[in-house]
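Worksheet for the structure shown next.
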Amino acid sequence: MVAESFGAIYERNAINAAFPILTGKLMDEEIENGDVILVDFKSGVVENVTKGKTYQIDPFSEVQLKIYKRGGLLGGGC
């Protein structure tokens, strides 16, 4: 999920549960239902493959990336 911002508690809980959330501004009107989207959590690059457009958003921090790769704070996700 990508949004301009998240509440602090929601963001912490999502990260701890290995739910991939990122912050940044995307051009919502350019992304439509059915578009194929690729997200690189490490670099923050979002690619709309369908339309051939690329966006830059905030990447995961080092800690967020470790938690996500592990499957959540406890290693098992939700």
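For the chain, the dipole from Cβ point charges (+1 on Lys and Arg, -1 on Asp and Glu) about the Cα centre works out to 480 debye, to the nearest 20.
Projecting the Cα atoms of ASN16, ALA3, TYR55 onto the charge dipole of the chain (Cβ charges, centred on the Cα centre) puts ASN16 farthest toward the positive pole.
Any read-out appearing in this document is the output of simple, stated calculations on the displayed coordinates, not a laboratory observation. Bear in mind the structure is a predicted one, so any value in this text is a computation, not a measurement. Positions of Cβ are generated from backbone atoms using ideal geometry, with glycine treated the same way; all protein chains shown enter the neighbour counts.
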